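Everything below concerns the one structure shown next.
The values are calculated or read from the model by the stated rules, or taken from the named source; none is laboratory data. Note that the structure is predicted; figures quoted are calculated from it, not measured. In this analysis, Cβ positions are derived from the backbone assuming ideal geometry, glycine residues included, and neighbour counts consider all displayed protein chains. For the accessible areas, the whole protein counts, side chains as well, though only heavy atoms, and no ligand, DNA or RNA atoms are used. Shrake-Rupley method; radii C 1.70, N 1.55, O 1.52, S 1.80 Å.
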Amino acid sequence: MQQDPNLQVVGEARDGQQAIDLCDTLTPDIAIMDVNMPNMGGIEATRQIKKLYPRIAVLGLSAHDDEAFVMALLEAGAAGYLLKDAPGQDLIDAIYAAKRGESVIAPQLTQMILKRVRQGSEQKTEALTEREREVLLLAARGFSNKEIAKKLEISPKTVEVHLSALFEKLEVASRTEAVIRSMKRGIIQLSEL
């Protein structure tokens, strides 16, 4: 990079597959990825790079400010996303931030991402039925399935069904994970325990 003597461009890729290949041979600290590339796009290339070379940070740099592109690249493992019209210094700062393990999002995209995160959290909260929430609270208080069944006047098998459903909705595999995730999402409050 011409603007910072400590940064060096070690390779350029025409498409996503070539970007993966270059990461293998050049082992860069940072890969700057466009979303829109021929053959294999930047989203899939990012996913592959993060799978094969987890220590390489990937920064999205694209003209696309569409929510779907931004979220897909971030979900694929990118450390950040900047728009191509970002000032050169912003890109340099983002490269250093990604190298430190920090996330960087273009300021004009931050509000969109926060809105999506909030909506996702609300959707997960709404997804639990009132009965599932009751079962979750009792499980969080340490009650066994049998004790929960007795308190709610339902069968232990029904308790298992509710636990299974809420585990799936919260994307967890245990009671402990369910409690932690539900507290993080505001589904249950510490004061309720």
Considering residues that are acidic (D, E) and exposed (fewer than 15 other Cβ atoms within 10 Å of the Cβ), the number found within region 129-175 is 5
Being in contact with a helix residue (DSSP H, G or I) (Cβ under 6 Å, 6 or more places away or on another chain), assigned to a loop (DSSP other than H, G, I, E, B) and of a type in the set (A, V, I, L, M) is the filter here, so list the residues in region 35-74 that pass it. V35, M37, M40, I56
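Against the definition (in a loop (DSSP other than H, G, I, E, B), of a type in the set (K, R), modelled with pLDDT of 90 or more and under 23 Å from the mean Cα position of the chain (by Cα)), how does R14 come out, yes or no? Outline the logic, then answer.
Details: in a loop (DSSP other than H, G, I, E, B): yes; of a type in the set (K, R): yes; modelled with pLDDT of 90 or more: yes; under 23 Å from the mean Cα position of the chain (by Cα): no.
Against the criterion (in a loop (DSSP other than H, G, I, E, B), of a type in the set (K, R), modelled with pLDDT of 90 or more and under 23 Å from the mean Cα position of the chain (by Cα)), R14 does not qualify.
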Does I32 satisfy the criteria of being touching a Leu at 6+ places or on another chain (Cβ under 6 Å), under 26 Å from Q17 (Cβ atoms) and outside any helix (DSSP H, G or I)? yes
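Does S155 count as hydroxyl-bearing (S, T, Y) and within 15 Å of A127 (Cα to Cα)?
Values: hydroxyl-bearing (S, T, Y): yes; within 15 Å of A127 (Cα to Cα): no.
Here the answer is no, as S155 does not meet what is asked.
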Single match in L59, L73 (criterion: surrounded by 17 or more Cβ atoms within 10 Å (Cβ to Cβ) and either out of contact with any Ser or Thr (no Cβ under 7 Å at 6 or more places or on another chain) or β-branched (V, I, T) (or both)): L59
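Under 15 Å from K99 (Cα atoms) and open to solvent by 80 Å² or more (accessible area, probe 1.4 Å): which single residue out of N6, N36 fits that description? Can you show your working first?
Working: N36 fails: under 15 Å from K99 (Cα atoms).
On inspection, the qualifying residue turns out to be N6.
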Scanning region 9-29 for residues that are in contact with a Leu (Cβ under 8 Å, 6 or more places away or on another chain) and farther than 17 Å from G60 by Cβ, the one least open to solvent (accessible area, probe 1.4 Å) turns out to be G11
Would you mind telling me which numbered condition in (1) assigned to a helix (DSSP H, G or I); (2) within 20 Å of A45 (Cβ to Cβ) G77 fails? (1)
Would you be able to tell me the number of residues in region 94-109 that are within 17 Å of V9 (Cβ to Cβ) and either surrounded by fewer than 20 Cβ atoms within 10 Å (Cβ to Cβ) or free of Cβ contacts under 8 Å to residues at least 40 places away in the same chain (or both)? 3
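Where residues in region 125-162 are of a type outside the set (A, V, I, L, M) and not in a helix (DSSP H, G or I), which of them is nearest to the chain's Cα centre (by Cα)? First the steps, then the outcome.
Here is the first cut: in region 125-162, the residues of a type outside the set (A, V, I, L, M) are 125-126, 129-134, 141-147, 150-151, 153, 155-158, 160, 162.
Those left that are additionally not in a helix (DSSP H, G or I): 129, 141-144, 153, 155.
Values: T129: 25, R141: 29, G142: 30, F143: 32, S144: 33, E153: 39, S155: 37 Å.
Checking each candidate, the answer is T129.
Suppose we keep only residues that are part of a helix (DSSP H, G or I) and of a type in the set (V, I, T) within region 163-193. Which one would you say is nearest to E132 (Cα to Cα)?
Of all residues in region 163-193, those part of a helix (DSSP H, G or I) come to 163-170, 175-184, 190-192.
Now narrow it down to the ones that are of a type in the set (V, I, T): 176, 179-180.
On the way: T176: 15, V179: 12, I180: 15 Å.
So the residue we want is V179.
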Identify the single condition in (1) open to solvent by less than 60 Å² (accessible area, probe 1.4 Å); (2) modelled with pLDDT under 90; (3) of a type in the set (A, V, I, L, M) that L114 does not satisfy, given that it satisfies every other one. (1)
